[in-house]
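Before any comments, here is the structure.
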Amino acid sequence: MKQNSTQIQKYNWGPIIIIGILFFLFGFVTWLNATLIPYLKIACELTDFEAYLVTTAFYISYFVMAIPSSFILEKVGFKKGMALGLLVMAVGSLIFVPAAMTRMYSLFLFGLFVQGLGLAILQTASNPYITILGPIESAAKRISMMGIANKVAGILSPIILGVIILDGTDTLIVELEGMDILQKAAELDLLASKVILPYIVMAGALVLLSVLIRFAPLPEIEEEDEEEGLTSTFSKVKAVLKVPYLVLGFFAIFFYLGAEVIPVDSMSLYGNHLGFSNEESKFFASFTLSGMLLGYIFGIIAIPKFISQQKALQYFAMLGILFTCGVILFDGKTSIIFLALLGFSNSIMWPAIWPLAIDGLGKLTKIGSAILIMGIAGGAILTPFFAKVTEWMDGNMQQAYFIIIFFYIYILFYANWGSKMGKK
């Protein structure tokens, strides 16, 4: 039975729990990148910049697939679209098998790209879905609930995969220096093979979840009737691009992704930069995600009872600027702690930006959601840009983090002014 989005005002816990499972999955798959970057750097003998192409391959797929995702959802609906997205992710996971067997970095990147295509479909459906499963004023609270599921998975995924594929790599790096070409290739092939079983298991779980979602009791969301002249995807894109707060919201998502992904995915390499071993630094990404988890809990408690989602975005952007200064100005473990605290400042941003950007779009909600999903390309572009800035600064990764300050300044602009532009 279909439900009109304007009629869904009270909480519907069944669909919320199901969508929560999907957000757990988003987090588990997405934050595996933090472990894959140092792993593939060793296994495929990469530079730092080349290793960061992991994020480019993964996040650029959102930009490529966002508008097609909207079209797919228009044709098949939210539920079938989610099931399809899960199957596409399973295909991406299976690509890791031949990639590991051949140790071809380009094939690993292709697998990540395909995973991202599936996630783009899922995200385009699930984010507006959770937004309209209750009053718009408390949307940030519901998205914060989803964020907890996402970040709990994000905390677990680098720990689980790190133990499996990074165990013993400090010793291996030293031993590789004394090996001939054939011995070195054999050891790296063995290292690459460690990823095969985890990704086969992941593919199986994704297929199973796809079947479960297809037959789950999720109500189909039907938007308002289309108006004349807004029947094609192209016409809807043209219409939604005339909405200032939505377009500015796209850039807020773009810069937010840079502010979120850079600290998490650079954590392990930054730990190495400061002198920590892989055995220690492989857990650092989980510290940042733990900070995000605390922030989501704050969002659930405080929004909108004690603070509006707009004010929360403003204050957390200012916190992000402060914590980034701490990363740059302090050394050693203190710098790592401030980098982890960026997780807390980032936590409320996606939950707050999203409802501010799609509020009042009505019939354009799906296409507006797709435009915002395209903003996830910030993770694809800004992370390797950070690697380049590090190179330009003679390898001083700590000082390169200054670029994140500019991301927060834009988000602060959106919180104060951009989110109001064009609203009646």
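The values are calculated or read from the model by the stated rules, or taken from the named source; none is laboratory data. All values reported here derive from a predicted model rather than from experimental measurement. Positions of Cβ are backbone-derived with ideal geometry, glycine not excepted, and every protein chain shown enters the neighbour counts. Calculation scope for accessible area: heavy atoms of the full protein, side chains included, ligands and nucleic acids excluded. Shrake-Rupley method; radii C 1.70, N 1.55, O 1.52, S 1.80 Å.
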**the stretch 302-424 - percent of accessible surface contributed by carbon and sulfur, probe 1.4 Å** = 68
**Prompt:** What accessible area per residue, rounded to a whole number of Å², is obtained for the chain using a probe radius of 1.4 Å?
**Reply:** 39
**Nearest-20 debye value, the stretch 315-424 charge dipole, Cβ charges on Lys, Arg, Asp, Glu** = 600
**Asked** For the stretch 231-323, what number results from the quotient of the Cα radius of gyration and 2.2 N^0.38 Å?
**Response** 1.47
**Request:** Just need the relative contact order of the stretch 276-424 here, percent rounded to a whole number, with Cα pairs under 8 Å and 6+ apart.
**Result:** 32
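In the P(r) worked out for the stretch 311-415, what percent of Cα pairs fall beyond 21 Å?
43
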**Item:** Extension reserve of the ASP180-ILE16 stretch, reckoned as 0.36 nm per residue once the Cα distance is removed
**Value:** 53.5 nm
**Complete:** Which of MET292, MET318, MET179 fluctuates most in a GNM of the chain (C-alpha springs under 10 Å)? That residue is MET179
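Using a Förster radius of 45 Å, what is the FRET efficiency between GLU50 and VAL237 based on their Cβ-Cβ separation? Nearest 0.05, please.
Efficiency, rounded to the nearest 0.05: 0.85.
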**Asked** Going by accessible area, probe 1.4 Å, with all protein chains left in place, what is the ranking of ARG214, ARG103, largest first?
**Response** ARG214, ARG103
**Request:** Grab the stretch 256-379 and count how many Lys pairs have their alpha-carbon atoms under 30 Å apart, sequence gap of 8 or more, or different chains.
**Result:** 5
**Request:** Take every Cα pair under 8 Å in the chain that's 6+ residues apart, average their separations, divide by the length, and report that relative contact order as a whole percent.
**Result:** 27
**Asked** Which whole-Hz ³J(HN,Hα) couplings does the stretch 85-100 yield from phi under the Karplus relation 6.51 cos²θ - 1.76 cosθ + 1.60, θ = phi - 60°, glycine and proline marked x?
**Response** x, 5, 5, 4, 4, 4, 4, x, 5, 5, 4, 5, 5, x, 4, 5
**Request:** Would you indicate which of (i) -0.35, -0.72, -1.19; (ii) -0.32, -0.65, -1.09; (iii) -0.44, -0.82, -1.18 is the value of log10 I(q)/I(0) by the Debye sum over Cα atoms at q = 0.07, 0.10, 0.13 Å⁻¹ derived from the coordinates of this structure?
**Result:** (ii)
**Asked** Given 10 Å bins starting at zero, what is the percent of C-alpha pairs of the stretch 142-188 in each, up to the one with the largest pair distance?
**Response** 22, 30, 20, 16, 11, 2
**Prompt:** Between Rg and the Kirkwood Rh of the stretch 380-424, both from Cα atoms, what is the Rg to Rh ratio?
**Reply:** 1.21
**Request:** Please go through the stretch 249-355 and write out the trypsin sites (Lys or Arg not before Pro) that DSSP classes as loop and that have at most 11 other C-beta atoms within 10 Å.
**Result:** LYS305
**Asked** Taking Rh as the Kirkwood radius computed over C-alpha pairs, what is the Stokes-Einstein D of the stretch 7-106 at 4 °C in a medium of viscosity 1.567 mPa s, expressed in µm² per second?
**Response** 81
**Request:** Please find the FRET efficiency linking ILE200 to GLU280, where r is the Cβ-Cβ separation and R0 is fixed at 41 Å, and quote it to the nearest 0.05.
**Result:** 0.90
**Message:** How large a share of the accessible area of the stretch 155-222, in percent, is made up of carbon and sulfur atoms when the probe is 1.4 Å and the other protein chains stay in place?
**Reply:** 71
**Prompt:** Okay, which of the stretch 38-74 sit inside 13 Å, backbone N to the point 7 Å along the Cα-Cβ direction of ILE173?
**Reply:** 38-43, 45-48
**Item:** Efficiency of FRET from Cβ geometry, VAL163 and LEU294, R₀ 22 Å, rounded to 0.05
**Value:** 0.40
